[in-house]
Each structure stands twice: as structure tokens, then as C-alpha cells.
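Visitor: Have a look at this one.
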Amino acid sequence: MSLTVNHLEKLQDQLQNAPDDYQIELREGELIVMGPSDIVSSYIGAQLSFLLKLWVSPRRLGLVFDSSGGFILPNSDLTAPDVSYVSRERMPRTVRYFSEVVPDLVVEIKSQSDRLSKLQDKIAMFLDQGVKIGLLVDPDELTVTLYRPAQNPMVFQDEETLTIPELFPGWELQISELWPPVFEENEDF
């Protein structure tokens, strides 16, 4: 039986008061249940969202979403990238429902339990559905891989600078800004 967004909504209603917090996506008619991210991945998602929002919001370029924002894609999948962005031209008004707009940018952040190949496949699916830019953040390797449709991926190392001029003209991200700081035990404030 192939499941739909309606099935997912019913399940979410049933799980609404459950003690555990899980995120559910619908991919190719199957429910995918994901547990919470590890704290490094969570930090990176918050940091990247923050840095993007600092650039996007004052310029009124569009909207930045966290990992809870659900998108219904043309293939009927319902998915929530770790970070996503939709330009204002493509989403002039938000709705109190899952968005039926394909994001311009999706970001997947490798968690401790994730397999890189699964995340690469997910980015490829997003690009097939019309996403312009996919980013895959790998905290284990301290890299960010940039994907564009019909182009070879570009890997950015820890000390390199990422730019995405087609979405964020003038924006630059030093890859090292994504990683959590290391605090010394006896560090004075």
C-alpha cells in the first residue's frame, strides 16, 4: 500500500501527545521515522540557519526554514530538510500547512547515525524535484559539498569560503563558522 500525506497527517495526530519526539517524512509512499539529531548536527543546523537569516531577512530575499518545515514535492513526497530556503518570488505568502513549493536550497547535515550515501541520494532526489542548490554538511570530515543540477559536486574544506551567488548575491560562508566552538574547562568569561 502506498501511503499519502493524509496518512502521515493522521499518524502525526495520533503521535501528537506521545512522550518521544520523532520527525516523520513520506518518501516514495513509505513513512520514514527519524529520531532527534545529535547535538553537533543540531548546532550546525541552528548556526547555518542563523547565518543565512542574517543575510536573507534584511534584504527580504525570502524565507529560511529549520528541520521542522515540511515540503510536499511534485513526486508527492513530504520531506523536511535540515535547513531550507525559498525565495520570496516563489513563496510570497506562508500558509499554516506543509508548503507545496520546492525549496530553492536544501541542506542535509550528517548526523552520527546517518550514512553518507543515503544523504547523497536524498540530495539527488531534491535536485530531481527542482531544487536549485543542495548542500551536504559532513561534520566528521569538516566539509560542505555543494550540489547543482547537472553539475559535478564541489567539496569545500574547513578553511574555504562557500558562496551561492545565484541565490544569495554577496553572501559568503567561511566553512569553519559552522562547527561548534571548543571551550576550555577553565576558560574565563
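The values are calculated or read from the model by the stated rules, or taken from the named source; none is laboratory data. Since the model is a prediction, treat every value here as computed from it, not as a measurement. Here the Cβ is made from the backbone with ideal geometry for all residues, glycine too, and neighbour counts use every protein chain on show. Heavy atoms of the whole protein, side chains included, go into the accessibility calculation; ligands, DNA and RNA do not. Shrake-Rupley method; radii C 1.70, N 1.55, O 1.52, S 1.80 Å.
Visitor: Between 70, 49, 94, whose Cα lies farthest towards the positive end of the dipole of segment 34-95 when Lys and Arg beta carbons carry +1 and Asp and Glu beta carbons carry -1, centred on the Cα centre?
Guide: Of the candidates, 94 comes out farthest on the positive side.
Visitor: Write down the accessible area per residue of segment 108-189 in Å², having rolled a 1.4 Å probe over the full set of protein chains.
Guide: Spelled out: the 1.4 Å probe surface of segment 108-189, per residue, equals 61 Å².
Visitor: Counting only other residues whose beta carbon sits under 9 Å from that of residue 109, what net charge do I get with K and R as +1, D and E as -1?
Guide: Charge balance in the 9 Å sphere: -3.
Visitor: Now for a different question. Would you report the distance distribution of C-alpha pairs in segment 60-129 as whole percents per 5 angstrom bin, up to the bin with the largest distance?
Guide: 3, 16, 28, 26, 15, 7, 3, 0
Visitor: Whenever you get a sec, compute what percent of the accessible area on segment 34-189 sits on carbon and sulfur atoms (1.4 Å probe).
Guide: Exposed carbon and sulfur together represent 51 percent of the surface.
Visitor: Let me check I've understood the local charge: for residue 168, count other residues with C-beta under 12 angstrom from its C-beta, Lys and Arg +1, Asp and Glu -1. What total comes out?
Guide: Result for the neighbourhood of residue 168: 0.
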